[in-house]
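The values are calculated or read from the model by the stated rules, or taken from the named source; none is laboratory data. Worth saying up front: this structure is predicted, and the values here are computed from it rather than measured. Here the Cβ positions follow ideal geometry from the backbone for every residue, glycine too, while neighbour counts run over all protein chains shown. The protein model used for the area step is the full one, side chains on, heavy atoms only, and it has no ligands, DNA or RNA in it. Shrake-Rupley method; radii C 1.70, N 1.55, O 1.52, S 1.80 Å.
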Amino acid sequence: MRFGWRAISGPVLTVAVALLAILLDRTIPLSSPAPVLVCVVALAGALSGFASAMTSAVLAVIGAALFCLGHRAMSLHAAADLVGLLTVTAFGTAGITGLMRERLLASFAAERQSHATAARLSAALDQVDIGIVLLDAETRAEFINRAFRDYFALPDEIADGKPPFIALMYHGRDTGAFELPEDELGTFIAQRMEMVRIGDATPINIKLRNGEVLRFVCNALPDGGRMLSYTPVTDLVRHTDAPERADYYRSLRDPSNRKLIRYLRVAE
């Protein structure tokens, strides 16, 4: 038990209540202070935990026994019953409140660690050049990293407001982010929504109006959510490369490497 005001407040208050009851009982007949002592034991357990609560329970039983011995209107048998009942109640209260406090503190510590881990992960994902969006089961964006915000010129106030995925698609349409004719945008958005809805992991390339190309992949998560990734692949096929090796560079954009395998077989 750590010694601090929380640790000693329960035992000190228990002794104070017991002594006050004994002193007042000499001039003004009082009823048993047992209920008040049990409350003090519970308070000690809530403030400092199991050790302080048990110490307070021991002091409460001793104080109640001294009170009963000095209380002239109480028989010895009644005093014994009262002390016995107080012993069971006080130690039971100390055990329950002490253990509850320990579990509550452990839960708070785990939650703080979880928040700290999430904060570190969020900071790390903001450093990569892959756009990442985490959607919940209702396709609302729980997290949007910095790369995605930059690719689609998404303001922080919109990104932090947990917008639905359809709102992100309409934002890209309204800002002219996609390199598509106006009459194809509706079909394009509907196809992306359907991919996200069913969790289709087929990778597709999205051409942006600024000349960049992003490889879009939707991954289904165990909780029903989705992780969307937008990987820049613009530089995989360079204009300065030899034209006869263009198929090789395009094959690198195939995540399963099927095209690369076919290319190598042909090259042999």
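Some notes on this structure:
- For the stretch 1-69, trypsin sites (Lys or Arg not before Pro) are listed when DSSP marks them as loop and at most 14 other Cβ atoms sit within 10 Å of their Cβ; the list is Arg2, Arg26.
- Within the stretch 155-199: Cβ-based charge dipole about Cα centre, in debye rounded to nearest 20 (Lys, Arg +1; Asp, Glu -1): 260
- Placing +1 on the Cβ of every Lys and Arg and -1 on the Cβ of every Asp and Glu, with no other charges, gives the stretch 1-147 a dipole of roughly 520 debye about its Cα centre.
- Gyration tensor verdict on the stretch 133-197 (Cα atoms; rounded if a/c is under 1.5, prolate if a/b is larger than b/c, oblate otherwise): oblate
- Peptides ranked, highest mean first, by Cβ atoms within 10 Å: ranges 200-207, 60-67, 139-146: 60-67, 139-146, 200-207
- Highest to lowest packing among 107-117, 217-227, scored as the average C-beta count within 10 Å: 217-227, 107-117
- What a 1.4 Å probe finds exposed on the stretch 30-156 is 68% carbon and sulfur by accessible area, rounded to a whole percent.
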